[in-house]
Amino acid sequence: MHKSKKLKPKNILLILIIAFTLISIVFLHINDVNNRSKLSPPAISESGNIPPSDDIINHVKEHAVNTDSNENPKDHNLEKPPINHGKNGFDASIIQDFLLKNKIKSDGKKIAFLTFDDGPSLEVTPRILKTLNENSIKATFFVVGNQLDAHPESRKLLMDEYMQGNSIGNHTYSHNPDKLYPKKNVDAKFFIEDLEKNNTTLKSVLGDNFHTRIIRFPGGHRTWNKTAEVDHILKKQGYIFLDWNAMTSDAEGNPKTKQELINRYKHTFKDQDKLVILMHDSEDKSTTADALPDIINDLKSKGYEFETLT
Ligand SMILES: [Zn+2]
């Protein structure tokens with residue numbers, strides 16, 4: 001009795017040390033599991049979207065709520081899913097170079113990249129997705145964030161595009177040429193902010209782990225003046241901008257019939273072995289959905305394969 005009383009404080013200390021150690025281990029384990037579930041890439045990341053550079057991640061974070069000065073650099077690295085061009089993904093930097101140099105031929109392998117801008121839209125996007133699905137083809141969608149906010153029902157369509165294995169690109173949030181290109185000169189600051197705003201919107205639908213490095217300038221990069229500053233920033237941040245080398249002209253002038261779109265596509269087709277076709281899946285482009293099966297059939301008959309840009 002007397003002996004056990006004397007040892008009691010030591011026992012208590014020992015019990016406290018053991019309890020503290022166990023609690024610490026459990027806490028660290030829970031923390032680790034939480035971090036993993038929060039940061040691991042989604043199962044659908046094979047669709048081909050790859051992360052931008054550290055610069056853009058930092059930049060986006062700076063412009064979000066407040067700078068997180070307690071950020072653990074180890075966690076930061078975990079945020080980057082591995083680079084994966086996906087099953088049908090093609091390295092967009094090669095195509096950017098191909099387009100900028102106005103090449104017609106490269107390695108001779110015929111690849112067509114179907115690209116759709118300005119969506120998603122409730123009427124046209126589902127029809128485009130249906131045609132792509134029926135042909136087992138994947139495409140690249142350059143999405144405008146303000147459409148997602150103006151028509152919340154379209155958010156599901158963006159998820160459908162992504163889940164179907166298409167590549168998702170950034171086409172700015174506002175798509176407002178007056179602000180992006182005042183007097184036809186690129187406003188680099190507004191452009192980058194608008195791009196980041198669109199990234200945030202895309203993530204709000206596709207999850208925080210979604211990243212895309214491919215962008216398309218509204219109206220096309222080659223249309224605007226004084227691009228040097230924005231080009232420098234985009235390159236530094238790991239973005240790849242992509243114009244096109246064939247088109248249906250579905251966004252030019254008056255609405256066009258299905259046949260007019262097909263004729264225009266055939267007119268711009270120059271037997272390029274890497275064909276980037278500009279089309280639109282915005283609200284009033286139902287004839288684009290009408291023409292798509294014929295365009296796909298024409299390209300198949302000419303020996304083209306279809307891939308996404310990532
Ligand atoms: Zn556009």
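Figures for the structure shown
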quantity: In nm, spacing of pseudo-spin labels at His267 and Asn225 (7 Å Cα→C-beta vector); calculated: 2.8
quantity: Vicinal HN-Hα couplings computed from phi for the stretch 99-113 (Karplus, 6.51 cos²θ - 1.76 cosθ + 1.60; Hz; Gly/Pro x); calculated: 6, 5, 8, 6, 6, 9, 10, 10, 9, x, 7, 7, 10, 10, 10
quantity: Per-selection Rg to Rh, the stretch 98-144 - Cα, Kirkwood hydrodynamic radius; calculated: 1.09
quantity: For Phe90, distant residues with modelled amide H under 5 Å away; calculated: Thr308, Leu309, Thr310
quantity: Residues with amide H under 5 Å from that of Asn170, placed H, sequence gap 5 or more; calculated: Val143, Ile214, Ile215, Arg216
quantity: Rounded, prolate or oblate (a/c below 1.5 giving rounded, otherwise prolate when a/b exceeds b/c) for the stretch 180-294 by Cα gyration tensor; calculated: prolate
quantity: Lysine pair number, Cα distance threshold 19 Å (strictly under), the stretch 241-310, separation 8 or more or different chains; calculated: 13
quantity: Ordering of 135-144, 218-227, 156-165, 251-260 by packing [mean C-beta count within 10 Å, highest first]; calculated: 135-144, 156-165, 218-227, 251-260
quantity: Residue-wise HN-Hα coupling along the stretch 190-205, computed from phi with Karplus coefficients 6.51, -1.76, 1.60 (Hz; x: Gly, Pro); calculated: 5, 4, 5, 5, 5, 5, 5, 4, 5, 4, 4, 5, 4, 5, 5, 9
quantity: Computed Rg/Rh of the stretch 219-287, alpha carbon atoms with Kirkwood Rh; calculated: 1.06
quantity: Mean projection area, nm², convex hull over Cα of the stretch 187-234; calculated: 3.6
quantity: Calculated FRET value between Lys203 and Lys236, using beta carbons and R₀ = 22 Å, to 0.05; calculated: 0.55
quantity: Gain upon complete extension [Ser106, Asn297; 0.36 nm per residue less C-alpha separation]; calculated: 66.5 nm
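Each value in this text was obtained by applying a stated rule to the coordinates, not by laboratory testing. The structure presented is a predicted model; accordingly, all values stated were derived computationally and were not measured. Heads up, the Cβs are rebuilt from the backbone with ideal geometry, glycines too, and the neighbour counts pull from every protein chain shown.
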